[in-house]
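Please treat every number below as a calculation from the coordinates, not as lab data. Because the structure is predicted, anything quoted here is derived from the model rather than measured. Every residue, glycine among them, receives a Cβ derived from its backbone with ideal geometry; neighbour counts consider all protein chains shown.
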Amino acid sequence: PIETDGHPLSVAGYRKFLESMYGTIDRLNAQYGTTYSGFDAVEPKSYEAVREQLKPDALGRVNLSAWCDWRSAMDAQFIGVLADLTRIANGIDPSVPAGTVGSQAPAAYGGYDYRKLTQAIQWIEAYDIGGTNEILASFWDQRRPRMQTFFSSKDPKRDAWFLWYYLCHGNRGVICWPEGWFKDGKPADHIAANAATFKEVQGPVSRVIVDGVFVHDPVAIYYSHPSIQATWALDAATHGKTWPRRSSSMEASMSSSNLTRLGWLKTLEDLGIQAKFVHQDHLLSGALEKEKVKVLLLNRTLCLSDAEAKAIRAFAAAGGTVLADHLCGIFDQHGKARPQGALDDFFGVKRDLSKGILGGKTLTVADAARDQRLSTKSWAVEGAEMVKGMAVFERGMGTATRSGRHVYLNLSPAGYLLKRPTGEAAEWLGYVRALLAESGIEPRVSINLPRTEPLFWKNGDRMTLCVVKNVDRRASIDAFGETAEDAGRGPVRLKLTFARPVKDLRNERTGKVLGDGRAFEDEFTPWEANVYTYVP
């Protein structure tokens with residue numbers, strides 16, 4: 001990572017950022033544990049300045065404030081430049097949206113605070129790493145175009161799956177990287193094989209998707225960028241003084257934030273649930289209540305401000321259910337350990353952070369010092385208790401602490417990504433399904449095929465239902481990436497069972513009219529997608 005920008009203008013901007021945040025130097029000193037005479041005396045702090053604090057038995061004494069604030073200031077400066085460029089571009093031609101390409105997963109470095117980034121630009125091409133596509137689909141509607149970069153895998157089936165999958169998820173196009181696509185004026189065989197697919201995904205069937213409004217289930221996942229920063233600090237501790245070698249590709253594959261987020265996304269999607277990400281602006285403005293969210297999932301929300309904690313309590317008081325996975329609210333919004341977690345009394349939990357996490361000798365879910373991808377080798381759960389097939393996170397706490405309908409799981413769902421391709425996590429899926437059902441969350445449609453995803457779009461008085469194979473793809477910034485399973489060998493029988501009767505169900509690709517009712521059967525090609533419309 002590029003750690004600091006020491007240019008005087010940048011540092012001056014950082015000091016103004018701090019002053020606007022804290023107001024007085026006394027408040028900053030109280031937060032940092034310092035004795036600065038004024039904001040003009042504050043200097044940026046490298047990760048190296050806080051790294052020595054990070055020990056398995058010291059989570060309750062950590063203070064990352066100086067480093068986290070510097071990272072936040074860098075994000076604000078970078079995103080401020082993007083906002084300026086957007087205004088300049090719009091001034092030249094107001095009819096053309098301005099945006100960025102090559103965006104990566106939410107991270108402590110690089111300006112990838114998606115809460116702020118999505119307020120500065122008007123379209124984006126972001127690598128789908130760490131659930132970025134779902135985050136963007138939650139923070140933006142279809143008026144802000146999302147794109148993917150398309151690197152051919154040289155396997156026509158995998159390529160076709162990619163194009164259908166991202167169309168069904170609302171991407172308006174792909175930026176093609178055509179290396180190896182053409183020779184002697186002719187397309188390569190693996191490209192020519194998908195000529196019909198290239199044409200169809202750009203044809204009329206796309207309109208009932210990208211021109212619609214995506215319809216989430218009433219489940220929200222909390223996006224906390226301070227928690228992403230704190231997680232990076234904990235993950236990087238495994239490298240010791242070699243932490244500058246933690247590359248963006250390593251972070252993409254091994255970030256505990258990314259893995260936990262993906263673990264939840266795939267769990268919910270495999271249960272037929274489409275959750276919506278929300279950030280602090282949504283929470284503090286009461287948007288969850290206005291949008292009738294029933295369940296708020298605090299996904300690795302290590303950092304919470306007093307205001308956020310108060311809003312979460314208000315959501316619960318209004319009838320919402322709150323679920324948390326682990327380490328919830330142990331830090332404030334700056335990354336400083338709290339004497340007591342911000343929601344400990346709400347959940348009724350008692351913790352002793354000196355006992356550590358997992359097996360007691362690590363600070364991370366996936367240890368990049370062992371392997372540079374999530375594997376049984378890097379999954380750092382030795383010595384940890386396993387419940388429902390997932391690792392118990394905080395030692396000495398137990399699991400599933402209940403306070404009424406609210407549940408503190410004390411589990412990490414990251415392991416689901418290892419178990420999912422082989423279908424070994426039925427107990428975990430059943431557990432989460434039951435938790436959601438307690439709050440009235442049921443899938444709108446059930447599908448007989450494993451790891452197959454339903455996505456719903458509203459178009460006037462009709463709904464669009466897309467059915468697509470939900471392959472676990474580990475995206476790459478310079479290639480197609482890896483998939484945990486192949487796209488399938490041939491067409492299979494698809495069974496759809498709607499929770500409520502529907503009318504005039506039509507397959508928009510084949511023209512087949514399936515009619516009225518709750519239960520339907522159709523043919524499904526796993527490397528393509530079925531696109532239906534109906535009247536609810």
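Computed quantities for the displayed model
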quantity	calculated
Kirkwood hydrodynamic radius over Cα pairs of the range 386-536, then Stokes diffusion coefficient at 4 °C and 1.567 mPa s, in µm²/s	72
Where labels lie 7 Å past Cα in the beta-carbon direction, separation of D478 and E382 in nm	3.2
Over the range 136-282, equivalent-ellipsoid semi-axes from the Cα gyration tensor in Å	33, 24, 13
Mean Cβ neighbour count within 10 Å, used as a protection proxy, ranking 5-12, 457-464 highest first	457-464, 5-12
V81-D141 pseudo-label distance in nm [points 7 Å out on the Cα-to-Cβ vector]	3.2
Protection proxy ranking, peptides 28-34, 337-343, average beta carbon neighbours within 10 Å, highest first	337-343, 28-34
Stokes-Einstein diffusion coefficient of the range 201-282, Kirkwood radius over Cα pairs, 4 °C, 1.567 mPa s, in µm²/s	83
Label-to-label distance, nm, for residues given as A317 and S20 (7 Å Cα→Cβ offset)	3.1
For S305, residues with placed amide H under 5 Å, excluding near neighbours	Q333
Estimated vicinal HN-Hα couplings, Hz - the range 472-482 in sequence order (Karplus 6.51, -1.76, 1.60; Gly, Pro = x)	7, 10, 8, 5, 10, 7, 9, 7, 4, x, 9
Efficiency of FRET from Cβ geometry, A49 and T497, R₀ 60 Å, rounded to 0.05	0.60
For A98, residues with placed amide H under 5 Å, excluding near neighbours	Q122, W123
Residue-averaged 222 nm ellipticity for the chain, from DSSP H runs of 4+ at -39500 (n - 2.57), nearest 500	-9000 deg cm²/dmol
Free-standing Cys, the chain [no other Cys Cβ under 4.7 Å]	C68, C176, C303, C328
0 to 90° range, to nearest 10: angle between helix 306-317 axis and the chain longest Cα axis	50
Principal-axis tilt of helix 225-236 within the chain, Cα atoms, nearest 10 degrees	80
Spin-label zone in the range 256-276 - amide nitrogen under 18 Å from a point set 7 Å from the Cα of S446 along the C-beta vector	268-274
Placed amide H near A391: partners under 5 Å, 5+ positions off or other chain	S412, G415
Nearest-0.05 FRET efficiency for E291 and K241, computed from C-beta distance (R0 56 Å)	0.75
Net lengthening on full extension, D5/S375 (0.36 nm per residue, minus Cα-Cα)	129.7 nm
Set of lysines with alpha-carbon distance to K503 below 21 Å, sequence-local pairs under 8 removed	K458, K495, K512
Cα centre as origin, Lys/Arg/Asp/Glu Cβ charges: the range 219-438 dipole, Debye	200
Degrees separating the helix 426-438 axis from the principal Cα axis of the chain, which is the longest one	80
Distant alpha-carbon pairs in the range 20-61 (separation over 15 angstrom), percent	53
For q = 0.07, 0.10 Å⁻¹, Debye-computed log10 I/I(0) when each Cα of the chain counts as one equal scatterer	-0.40, -0.84
